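Below is one structure; the comments refer to it alone.
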Amino acid sequence: MEGTRVTFVVVKAGETLDDLAARYGCTAEELRRLNPGMQGFAQGDVVKVMTRAWDPREPKAGQQFVLGFHAGPMGVSLPGSQNSFHQHAGLLSAIAPYWFDLNLGAAGQIKSRVTPATIRTLIGDAHGRGVKVLASLHNTEKRPGASRTQVLHSAITANRAILIRNILHTVEEYGFDGVNLDFERLKPGDTANYTSFVRELAARLHEQGKLLVVCVLGDAHHQPFSMDFDYPGLATSVDYLGIMTYDEHKANQGTPGPVASIPWVERTVRLAIDTGVPSRKILLGIAAYGYDWTDNRPGARALSFEAVQRLRRQHNATAQFHPSYRVPHFDYTDGRGELHHVWYEDARSLSLKLDLVRRFHLGGILHWRLGLEDPASWGPIRAKLSPIQK
């Protein structure tokens, strides 16, 4: 296969087939094909593996960019970000507060969820800690009778100049260090329009020395709305392309499963690089939360790591680490006798995803979101991503 090479490795003590596949960025099935007749192996055995060859034209990773999304509390199960931000500011390059939406009622206009005083206070706080702040713009506002995809279409086509002017005004008014775009619903046929809009915005921001990060949905299965985005086209203009490798199993669907299994995340990263995105421009999306699914019912409840642990202790459940998905999970039965399936992320699963950042020489991570994570996650971030870009 183009872009890969075959080599021989020595099996470590206690290493399983899945461990070996994860270590060298291939699959267990590929290992079996490369080593016909292999039933198992022991420490010291020599095994043939396939790895992705390094392209010397790509710059190797130096400092890592760590972008943390910042939001207020969303109930007991989803605490706010401020405490985590204060505790771990030294390991953050920037934060992207969840503040701004496209205004569904006014073409090209931006709507803020918070007061100007709140914005200025957090920016001053972050700058005092050596952390940049990006104005994060979303299209998540909902309003009866208003189509989010149509509003975005209008904003990036007929009202593009108005939207760019409003974004630049917001950056200048508050002293933001750049912009994060997180538009997750493109109207069919708007791929090129969005890429062109981003190109124009990037040029204007870069004239002022500001950063531009664009988030895209990541999905190795090509489900809507993921590869509707022109990954390589966007990457040519932006400072970083944030690939949101979550949710593999979506909360509004009925099938329980991991938020982001290692094989799924890796396939998405490989797909992006194979389509022409420079690896150094990729920020790998890291989920910090979990979902509680009720058996045979659609939908799931989002939980922080701490809420997951409270639930596990409450029901005396035993967590397991899935051998191929490489994420933790457990089941429990509630007071009504209904079976639940809980899939989540912890420090171990995050650490394995950071190995992908290192293996593929990615630019860093984006973290959704501060305050939901396993507190122990910051150990692997410090160990595997330092030095942090400031």
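Every read-out reported here was derived from the displayed coordinates using simple, explicitly stated rules and does not represent laboratory data. As the structure is a computational prediction, the values presented were derived from the model and not from experiment.
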Worksheet, complete the sentence: Checked against a 19 Å limit on the C-alpha separation, the offending pairs among Lys210/Lys390; Lys111/Lys250; Lys187/Lys281; Lys12/Lys353; Lys132/Lys390 are Lys111/Lys250; Lys187/Lys281; Lys12/Lys353
Worksheet entry | In degrees, nearest ten, helix 305-314 long axis to first principal axis of the chain (Cα) | 50
Discussion item. Could you give each residue of the stretch 345-357 its phi-based ³J(HN,Hα) in whole Hz, using Karplus coefficients 6.51, -1.76, 1.60 with θ = phi - 60°, and x for Gly or Pro?
Written reply: 10, 9, 4, 5, 5, 5, 4, 5, 6, 5, 5, 5, 4
Worksheet item: In degrees from 0 to 90, rounded to the nearest 10, what is the angle of the helix 160-174 Cα long axis to the longest principal axis of the chain?
Response: 90
Worksheet, complete the sentence: Residues meeting the amide H criterion for Ala260 (H placed from the backbone, H to H distance under 5 Å, 5 or more places apart or on another chain) are Glu248
Worksheet entry | Nearest 10 degrees, 0 to 90: helix 191-207 Cα axis against the chain principal axis | 70
Worksheet, complete the sentence: Listed by chain and number, the residues whose amide H is under 5 Å from that of Gly242, excluding neighbours fewer than 5 places away on the same chain and using placed H, are Val214, Cys215, Val216, Leu283
Discussion item. For the chain, what does the helix formula give at 222 nm: sum of -39500 (n - 2.57) over DSSP H segments with n ≥ 4, over the residue count, nearest 500 deg cm²/dmol?
Written reply: -9500 deg cm²/dmol
Item to complete: Report the percentage of all Cα-Cα pairs in the chain whose separation exceeds 33 Å, rounded to a whole percent.
Response: 33
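Rounded to a whole number of µm²/s, how large is the Stokes-Einstein D of the stretch 243-390 at 10 °C and 1.306 mPa s, given Rh as the Kirkwood radius over C-alpha pairs?
Numbers: Rh = 15.9 Å.
Reported coefficient: 100 µm²/s.
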Item to complete: Quick one: grab Rg to one decimal and Dmax as a whole number for the stretch 106-238, Cα atoms only, in Å.
Response: 15.1, 43
Worksheet item: How many times 2.2 N^0.38 Å is the alpha carbon radius of gyration of the stretch 307-390?
Response: 1.30
Item to complete: Give the span of the stretch 245-305's Cα atoms along each principal axis, as three whole-Å numbers ordered largest to smallest.
Response: 40, 21, 16
Response to the item:
Residue by residue through the stretch 73-90, the couplings from Karplus 6.51 cos²θ - 1.76 cosθ + 1.60 with θ = phi - 60°, in Hz, x for Gly and Pro, are x, 10, x, 4, 7, 9, x, x, 9, 4, 4, 5, 4, 5, 6, 10, 4, x
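Could you work out the relative contact order of the chain, using alpha carbon pairs under 8 angstrom and six or more residues apart, expressed as a whole percent? Numbers along the way, then the final one.
Values: 792 pairs, mean separation 68.3, N = 390.
The normalised contact order for the chain reaches 18 percent.
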Item to complete: Using the Karplus curve 6.51 cos²θ - 1.76 cosθ + 1.60 with θ = phi - 60°, work out ³J(HN,Hα) for each residue of the stretch 146-155 in order, rounded to whole Hz, and write x for Gly and Pro.
Response: 10, 9, 5, 5, 5, 4, 5, 4, 4, 5
Worksheet item: Amide H neighbours of Gln389 under 5 Å, counting only residues 5+ apart in sequence or on other chains, H built in-plane at 1.01 Å?
Response: Gln64, Phe65, Val66
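What do the square roots of 5 times the Cα gyration tensor eigenvalues come to for the stretch 294-342, in whole Å, largest first, as semi-axes of the equivalent ellipsoid? Provide the component values of the computation, followed by the final result.
Working: eigenvalues 59, 37, 26 Å².
Largest first, the stretch 294-342 gives 17, 14, 11 Å.
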